[in-house]
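Here the structure comes first, spelled out in structure tokens, and everything after it is commentary.
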Amino acid sequence: MNSNKSYYTAKRSKLVRKVSFYKFLINYITHTLLRSLAKRNSLKGYPKLLSLPSDYIGQHIISNGLYEEHLLKGLFDKFFTKYLIEFSENTVLDIGANIGNHSCFFSNYFNSVLAFEPNDTVFAILKANIVINNIKNITAKNFGLSDKDAELTFIENTDGNLGGSGFCKKSHEMRGIRKLLPVRKGDTIIEGEFGNNQIKLIKIDVEGHELAVLQGLKNTIHKFHPIILFETNTSEGEHGGQVIFDFLKDSGYKYFYSVETMKSTLRFRFLRILERVFKGYNIYAKEIYAPENRPYSLIVATHSEMHFE
């Protein structure tokens, strides 16, 4: 027997997959860009956020390190400056917390954050984001807030925007995955479990369920008069901005501010993009007395007049 005989012999290789130069180039450029973005974003000091790359919010986090980065920084660097000491000693409610983008940001400004998210799909990511950032002052609850304890039909958006999911009375008209998810009356939760917390800010992002949330927090709102942040897609109807304004005015809120980018006068989208590329854009806060029949990405409601820094 030949002791030098190799037990391993080379065999003809077979092609498994051919990667074209074009695909390699695209992958290389994309990977290089992502590494550059990750390095840049890490220098900003934002929380490290897990997200879904195919999701609208996730794409903004990958690009900027934080969803609604400039809006949040504008609020806390300019709009809320006189409240920062008070915030640092008290509590914020994040209602419709999604994956925890806002909750993690708020954790740097408030003594405690109470986050409510009924959708178990994103709640798991919310919990993970709290853990990987070692955040100790966020309490996350896997249910929504409403005007009563119940289970409601929830529509999970399947068009690339989980943040567009929500409870809706006209759920049969909405596309997506239907779930039956729990909600609790807000005052019951706050008074029962967090009675010692002073609520100074409430952020609501619940896609049409805002009025029910506010009605369920009527006692909390009356007791603490917190600043309230919410959005609305229309002024009309039982879920519209006008009924929210009416409820808050009846609760003693006198001042409402829309916070949004100045609309371009250019007609074509391509030209609007070029305008932002060369000129950038500005975010303004404007006092409003009644909502127009259009979407508002953020409305701030307060008992006292805001003074800009």
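The values are calculated or read from the model by the stated rules, or taken from the named source; none is laboratory data. Since the structure is predicted, the reported quantities are computational estimates derived from the model, not experimental observations. Methodologically, a virtual Cβ is constructed for each residue, glycine included, from the backbone with ideal geometry; neighbour enumeration extends over all protein chains shown.
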### Query
Can you pull out the residues in the stretch 125-134 that are over 20 Å from residue 207 (Cβ atoms) and either crowded, with 17+ Cβ neighbours inside 10 Å or within 15 Å of the chain's Cα centre (by Cα) (or both)?
127, 129, 130, 133
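Residues 296, 281: which one is under 24 Å from residue 200 (Cβ atoms), aromatic (Phe, Trp, Tyr), surrounded by 11 or more Cβ atoms within 10 Å (Cβ to Cβ) and within 24 Å of the chain's Cα centre (by Cα)? Step through it out loud before you land on a result.
Numbers: 281 fails: under 24 Å from residue 200 (Cβ atoms).
Step by step, each of 296, 281 is checked, and only 296 is under 24 Å from residue 200 (Cβ atoms), aromatic (Phe, Trp, Tyr), surrounded by 11 or more Cβ atoms within 10 Å (Cβ to Cβ) and within 24 Å of the chain's Cα centre (by Cα).
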### Task
Could you check the stretch 82-135 for helices (runs of 4 or more DSSP H) lying wholly inside it with 3 or more residues that are under 22 Å from residue 65 (Cα atoms) and not aromatic (Phe, Trp, Tyr)?
101-106, 120-132
### Task
Could you please find all residues in the stretch 256-297 being among the aromatic types (Phe, Trp, Tyr) and either at pLDDT below 85 or not in a strand (DSSP E or B) (or both)?
268, 270, 278, 281, 289
### Query
Do we find a residue being closer than 24 Å to residue 230 by Cα, without any contact (Cβ under 8 Å) to a residue 60 or more places away in the chain, assigned to a helix (DSSP H, G or I) and not acidic (Asp, Glu) anywhere in the stretch 41-58?
yes
### Query
Somewhere in the stretch 169-176, is a residue closer than 21 Å to residue 67 by Cβ and of a type outside the set (Val, Ile, Thr)?
yes
### Query
Where residues in the stretch 164-181 are part of a helix (DSSP H, G or I) and either surrounded by 13 or more Cβ atoms within 10 Å (Cβ to Cβ) or under 19 Å from the mean Cα position of the chain (by Cα) (or both), which of them is modelled with the lowest pLDDT?
171
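One line per residue, one yes/no per condition, for (1) surrounded by fewer than 14 Cβ atoms within 10 Å (Cβ to Cβ); (2) under 22 Å from residue 75 (Cβ atoms):
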{"position": "237", "(1), (2)": "yes, no"}
{"position": "242", "(1), (2)": "no, no"}
{"position": "251", "(1), (2)": "no, yes"}
{"position": "261", "(1), (2)": "yes, yes"}
### Task
Consider only pairs whose beta carbons are under 6 Å apart and that are at least six residues apart or on different chains; among these, list those whose first residue lies in the stretch 85-110 and is over 17 Å from residue 136 (Cβ atoms) and at pLDDT below 95 and whose second residue is among the aliphatic types (A, V, I, L, M) and assigned to a strand (DSSP E or B).
none
### Query
Has the stretch 153-163 got at least one residue that is within 25 Å of residue 191 (Cα to Cα) and either in a helix (DSSP H, G or I) or among the polar types (S, T, N, Q) (or both)?
no
